[in-house]
Each structure stands twice: as C-alpha cells, then as structure tokens.
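The values are calculated or read from the model by the stated rules, or taken from the named source; none is laboratory data. Predicted, not measured: the structure shown is a model, and the values here were computed from it. Here Cβ is always computed from backbone atoms with ideal geometry, including for glycine, and neighbour counts include all displayed protein chains. Each accessible area value is taken on the protein alone, full model and side chains, heavy atoms only, with ligands, DNA and RNA left out. Shrake-Rupley method; radii C 1.70, N 1.55, O 1.52, S 1.80 Å.
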Amino acid sequence: MSAEYATFGLAPAMRAGGVLANGEVQVHRDFVDFIVNGRPLLFQLSDLDAVSPLAADIPPAIFTDHVKSLLMEAEAPLADGRYVIYGCPECEGLECGAVTAVIERADDGSDDFVWRDFAWQTDDHADLERNGYHGIGPFRFHGAAYRTALGALLDAAAEPVERRRVLLIGARVAVLAKLAAALRTIGIGAEITQDASGVSAEELWTYGAVAFGRTVDEHRRAVVRRQFEQAGADPAYVDGLAPIIPLLVAQIEAALDRSPQEQRRLTRLVAADGEAGLEVTSTCRVQLTSYRLDRLYRTHTHDVFDEVLGPGPHRIPLDSKATKGECFLVARTTGSVLVAPMAR
C-alpha cells in the first residue's frame, strides 16, 4: 500500500487522573500528542487509555532520546524497525500493550518520513495479521515539516515542561488535607494556604490551578486572583462544588486540561431535570458517576452510565434515586473528564 501525504503536528495533551467511584486511583499524565491530518492520532486508532512516549514527567534525557528516536537519529527500540507510538499510562512495560509502528525514510530518495504497519503489541514481535490496525496509515510526512515539529521540542525545551501544581484555599482544613493527599496520589502536587501573599512570582508560575472552598468569600478570591495577575501567572480557577474528594479531584483535572476543544474526546456536559447532555468527538467509552449530598451532608455515590458512544451529542436519562437532593455529575472518557451540578 502506498503512503499518502498527511500533515504532522504536535500538541499538549493530558490523561486525566482521578479518584474513581470504586476507590481505585488513575494517575495523571501530561504528554505531547501526535496530530495527524488535524486530529489526534490517538483518537483515530481506538478507545485506548494510553499516552505517547513524549511525556512531561520523564527525565529530560529520556525525553530527548524519544524525540531523536522519532527523528531516526537512533536505532529503533523494537525489532523490525518498530517504534512505540502510544504506551501504558501507568508504566513503561510493553507487556501492558502498546501501539507501535514502523518508522522509515521514504524509498524514493526524498527527505520524507513514513509511519506504517500500526499494531497493538505486547511482546517482542508484532502480529500484523491478528493485531494490526488495518485501515490506519500508512502516513507520509513531508520531511521538513516533520523535522521542524519534533526539533522544536528540543529547541524550546532543554527539559520537558514541569507538571504544574494546585493551590488549595479554604476554611475546612481536614477536607483540604484529604484533597491534597488525593491529588498527590495521582501525581499532582498540591499545597494548602489561606492566601498567596509572600509567595514569589516564580513559585506562583508553577501553579496550574487554584481551587477555592465553598466558604471562601468573593473578597478573598479577588485578592488571590490579583496576586497571580501581578505575578503574570494565569492559573485556572476552580470553585469547589462540594466537600466530596473524588468530585473536587475531577473538577481540578478538568481545569488543568488546556488543550483545544477539538482535541478532546469529551467536549460538553450539562445536567438538568434528571438528565445528562454530553458531546463526544470520537467513539469512546463514557462513564457517568453521580455524587449527591443528603440532608445530613452524607455523600452518596452512584455509577449511572457506562457505555460506548459514537461521536456527536447525546441525552442520557438518569435514575431519580441517584440525582435527588444536591447532586453533581462527573463524566469521564479516556483522557477527559467534566463535572456539572444537577440543575433543577
């Protein structure tokens, strides 16, 4: 099969971490994704929970080695000239499974690069007949554009962008302590304070989000925002919906996602009158979880939906038992999470 020309680009991406309803945790990962013909390549494969090898939390030398490998300035790490395109977000082991492909120079003497024979691989050799991604690729990339995109990673960052932290501000110290512990468990740094006075501009720049508790008044919020503005920092601001740790973690993860809307799987979530409205950009599994507070402020958690949905808008009726009272809905796909309060 001849390789058709495709556009090649790179874009920041995120695999949202979280504290799941079953008590398990999902690690947060920041990485650089491959944009092929204007869309994340990950979305063109299948509904995979995976990240590229260009992750922000690996040492700079390893990050650089991965870039040079994709530029074919180093030997292919796998047999038959194959390279890891996406791997397990929790570990680096091939036994967990990885998307691999052959990367080679075009055979016509040009400077173009070709990615072909995509496959799901779990050991030293890929079985294209059984585990190949048939219909995906081969892609031929103009050599100059390909080199420029990958070379920019080396030129602009002697080391990958440091994962940002979250600043937690509120009155309920016990809740903030639990939230900080949960965030650290999934790989996000978190600190607790009453305000940002006395914090250097350099440190304020390391915060990707500031989360306010429900009891923080508007005056205090305005003071904190002004402190960040004076430092030239632009974090996302999160208004905590309720003292429910998994819900707050999901809110913060959603705020940390700065990728363009068209490069997300989940782009919209609304909840009203016992129904959820959401929109996805590619076929993927969607999980909906409701968190509600009863009259005694006890938390009740319900898994209300878990199915594969096609691209487009969807309306999903919800069980009235799972949505009565003060209720909040969390929608999660591979890589994306959104939160919405239930409107009445």
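Out of the range 58-67, which residues are surrounded by 15 or more Cβ atoms within 10 Å (Cβ to Cβ) and in contact (Cβ under 8 Å) with a residue 12 or more places away in the chain?
Correct list: 58, 63, 64, 66, 67.
Looking at (1) within 21 Å of residue 32 (Cβ to Cβ); (2) in contact (Cβ under 8 Å) with a residue 24 or more places away in the chain; (3) of a type outside the set (Val, Ile, Thr); (4) touching a Leu at 6+ places or on another chain (Cβ under 9 Å), which is the only condition residue 89 fails?
Condition not satisfied by residue 89: (4).
Let's see how each residue does on (1) within 18 Å of residue 270 (Cβ to Cβ); (2) within 24 Å of the chain's Cα centre (by Cα):
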| position | (1), (2) |
| --- | --- |
| 309 | yes, yes |
| 313 | yes, yes |
| 323 | yes, no |
| 331 | yes, yes |
| 334 | no, yes |
| 341 | yes, yes |
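The conditions are (1) out of contact with any His (no Cβ under 7 Å at 6 or more places or on another chain); (2) open to solvent by less than 40 Å² (accessible area, probe 1.4 Å), and residue 54 fails exactly one of them. Which is it?
Status for residue 54: all satisfied but (1).
Test of understanding: among 120, 115, which residue is open to solvent by 70 Å² or more (accessible area, probe 1.4 Å), assigned to a strand (DSSP E or B) and not charged (D, E, K, R)?
Exactly one residue qualifies, and that residue is 120.
If I ask for residues that are part of a loop (DSSP other than H, G, I, E, B) and surrounded by fewer than 17 Cβ atoms within 10 Å (Cβ to Cβ), which ones from the range 279-295 would you list?
Selection gives 283, 294, 295.
Yes or no, residue by residue, for (1) open to solvent by 30 Å² or more (accessible area, probe 1.4 Å); (2) touching a Gly at 6+ places or on another chain (Cβ under 6 Å):
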residue: 5; (1), (2): yes, no
residue: 10; (1), (2): yes, no
residue: 20; (1), (2): yes, no
residue: 23; (1), (2): yes, no
residue: 28; (1), (2): no, yes
residue: 32; (1), (2): no, no
residue: 35; (1), (2): no, yes
residue: 38; (1), (2): yes, no
residue: 41; (1), (2): no, no
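Taking only the range 77-108 into account, find how many residues are more than 25 Å from the chain's Cα centre (by Cα), outside any loop (DSSP other than H, G, I, E, B) and among the hydrophobic types (A, V, I, L, M, F, W, C).
4
Within the range 142-155, how many residues are within 26 Å of the chain's Cα centre (by Cα) and either free of Cβ contacts under 8 Å to residues at least 40 places away in the same chain or surrounded by 14 or more Cβ atoms within 10 Å (Cβ to Cβ) (or both)?
8
Of all residues in the range 176-192, which are open to solvent by 30 Å² or more (accessible area, probe 1.4 Å) and touching a residue at least 12 places away in the same chain (Cβ under 8 Å)?
177, 178, 185, 191, 192
Checking residue 218 against (1) open to solvent by less than 20 Å² (accessible area, probe 1.4 Å); (2) more than 24 Å from residue 57 (Cβ to Cβ), which single condition isn't satisfied?
(1)
Working only within the range 237-266, note down all residues that are of a type in the set (S, T, N, Q), surrounded by fewer than 19 Cβ atoms within 10 Å (Cβ to Cβ) and touching a Pro at 6+ places or on another chain (Cβ under 8 Å).
The answer is 259, and nothing else.
Of the residues in the range 43-71, how many are modelled with pLDDT of 85 or more and part of a loop (DSSP other than H, G, I, E, B)?
Number satisfying all stated conditions: 7.
Show me the strands (runs of 3 or more DSSP E) entirely contained within the range 126-225 in which 2 or more residues are touching a Ser or Thr at 6+ places or on another chain (Cβ under 9 Å).
The qualifying strands (runs of 3 or more DSSP E) are 139-141, 165-169.
Checking residue 74 against (1) in contact (Cβ under 8 Å) with a residue 12 or more places away in the chain; (2) outside any strand (DSSP E or B); (3) farther than 21 Å from residue 336 by Cβ, only one condition comes out false. Which one?
(1)
So if I check each of 198, 213, which one is open to solvent by less than 30 Å² (accessible area, probe 1.4 Å) and not polar (S, T, N, Q)?
Result of the check over 198, 213: 213.
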